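First the structure, in the form of structure tokens, and then the observations on it.
The values are calculated or read from the model by the stated rules, or taken from the named source; none is laboratory data. Please read all numbers here as calculations on a predicted model, not as lab measurements. Glycine gets a Cβ as well: all are built from the backbone with ideal geometry, and neighbour counts include every protein chain shown.
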Amino acid sequence: MFCRKCGAKNDDNATFCSSCGAKLHEANQQTANPDLATLVEKKKSLIAVILNFFFPGIGYWYWGYKKVLGIHPALVFIGWIVVTSFCSYLLYGLGLVFLALSLFVAYDLYVKTEGKPGWIEASK
Ligand SMILES: [Zn+2]
């Protein structure tokens, strides 16, 4: 192994660096490794959070949770897809109903301006 303090090559079983005398295993553990592990963990947690925003449930799965709300995280995601699709469908349907109503009252007034009674009762 290489000494993290001075970079000198040492025997793998050596406890102290032959060049600078630093304790090899301790020196190796204190530098780089914990910081790198923390950094990797931070990056992984960020990915998990972003995943959970775009694909609710998948982020939990990515982070290692086996169950969310008592069910598998992938099922949470599937449930989310089903509910949001259904809501979008309902809203889309409502939008079509309102569009049809607007067209109807517009057409009714058009018919009235032509001198015919139309369908919606109105008096002056
Ligand atoms: Zn050294």
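Would you tally the residues in segment 17-41 being within 16 Å of the ligand (Cβ to nearest atom), polar (S, T, N, Q) and at pLDDT below 85? Before the answer, list the steps.
Of all residues in segment 17-41, those within 16 Å of the ligand (Cβ to nearest atom) come to 17-32.
Okay, now just the ones that are also polar (S, T, N, Q), so 18-19, 28-31.
Then keep just the ones that are at pLDDT below 85; that gives 28-31.
Selection size over segment 17-41: 4.
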Pull out all pairs, ordered by first then second residue, where Cβ-Cβ is under 8 Å, the residues are six or more apart or on different chains, the first lies in segment 106-124 and is of a type in the set (Phe, Trp, Tyr), and the second is surrounded by 10 or more Cβ atoms within 10 Å (Cβ to Cβ).
Trp119/Phe104; Trp119/Asp108; Trp119/Val111
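Rundown of residues vs (1) farther than 30 Å from Tyr62 by Cα; (2) near the ligand (Cβ under 10 Å from one of its atoms); (3) at pLDDT 85 or above, yes/no style:
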| residue | (1), (2), (3) |
| --- | --- |
| Arg4 | yes, yes, no |
| Gly7 | yes, yes, yes |
| Asp11 | yes, no, yes |
| Thr15 | yes, no, yes |
| Lys43 | no, no, yes |
Residues that are of a type in the set (S, T, N, Q) and in contact with a helix residue (DSSP H, G or I) (Cβ under 6 Å, 6 or more places away or on another chain), drawn from segment 63-103:
none
